[in-house]
Amino acid sequence: VLGGVCCGVMLALGSICQQLGLSLGTGAGKAGFITALYIVLVPLTGLFFGKRPTLLVWVAVVLSAIGLYLLCMQGGFVLEGGDILLLLCALSFTGHILVVDYVGAKVDGVKLSCIQFAVTAVICLTIAAFTEHPTWAAVKTAAIPILYAGILSGGVGYTLQIVAQKDIDPTIASLIMCLESVFAVLFGWLILGDAMTLREYMGCAVMMLGILLAQLPGKARA
């Protein structure tokens, strides 16, 4: 229960900070880059908990961060108001990944996931009740995006994360999860007809190289 509560709080804070950051005007590409900085924050924070990635994994982290920059950032990088909230979002998701790594192998993953979703729902509904004015008409209008985000992106995605992290290092998990940026660009091209630039192709390639490199066996650091 305690693990589920911690996961739920981290997930709620991450989602809230991300949406607030976007609402303050941060572009989607920049927001995606800042949010996915957990690929760097996870191994750095993990050092304080005795997690010591191999040299290959550190190289993979650097390559993935470079690829992510090429993929998401089209202009200069200047911190603005919403960017601070997105940094807090990245920290929250970092905490979520590390908590799942700590408790996931000790408990039933599906039960842990159910508790985290219940906590997240209570936190977000409470905040929404005081800061927004939801109506059934608005909910019905956005029913399909809400159901997709809740069932697939939220329910299925985060449950599979918990189950999968039982057998994987948290740094490797963060590297694989940051592929969402690559998939977003690729499916935008396939489904929505968005044009991909050479820079975006290069970003995808560098990220894939980093993630494949992380899967190679290496000698653990002392």
Taking region 206-217 and keeping residues exposed (fewer than 14 other Cβ atoms within 10 Å of the Cβ) and modelled with pLDDT of 70 or more leaves 212
Flagged in region 81-114 as among the hydrophobic types (A, V, I, L, M, F, W, C) and surrounded by 19 or more Cβ atoms within 10 Å (Cβ to Cβ), in numbering order, are 85, 86, 89, 90, 93, 97, 98, 99, 100, 112
- Query: Does region 28-47 include one or more residues that are at pLDDT below 80, open to solvent by 60 Å² or more (accessible area, probe 1.4 Å), among the hydrophobic types (A, V, I, L, M, F, W, C) and more than 18 Å from the chain's Cα centre (by Cα)?
  - Reply: yes
Restricting attention to region 187-207, the residues that are closer than 24 Å to residue 63 by Cβ and out of contact with any Asp or Glu (no Cβ under 7 Å at 6 or more places or on another chain) number exactly 14
Notebook entry, point to check: For residue 8, are the conditions met, namely being out of contact with any Pro (no Cβ under 8 Å at 6 or more places or on another chain) and at pLDDT below 75?
Noted result: no
Within region 123-166, restricting to residues that are open to solvent by 40 Å² or more (accessible area, probe 1.4 Å) and in contact (Cβ under 8 Å) with a residue 60 or more places away in the chain, the one that is farthest from residue 44 (Cα to Cα) is 127
Check: Is it true that some residue in region 70-78 is crowded, with 19+ Cβ neighbours inside 10 Å and part of a loop (DSSP other than H, G, I, E, B)?
Finding: no
For the structure I just gave you, tell me whether residue 21 is in contact with a helix residue (DSSP H, G or I) (Cβ under 7 Å, 6 or more places away or on another chain), modelled with pLDDT of 80 or more and more than 20 Å from residue 167 (Cβ to Cβ). yes
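The values are calculated or read from the model by the stated rules, or taken from the named source; none is laboratory data. This one's a predicted model, so the numbers in the text were calculated from it and none came from an experiment. Quick reminder, even Gly has a Cβ in these numbers, built from the backbone with ideal geometry, and neighbours come from all protein chains shown. Calculation scope for accessible area: heavy atoms of the full protein, side chains included, ligands and nucleic acids excluded. Shrake-Rupley method; radii C 1.70, N 1.55, O 1.52, S 1.80 Å.
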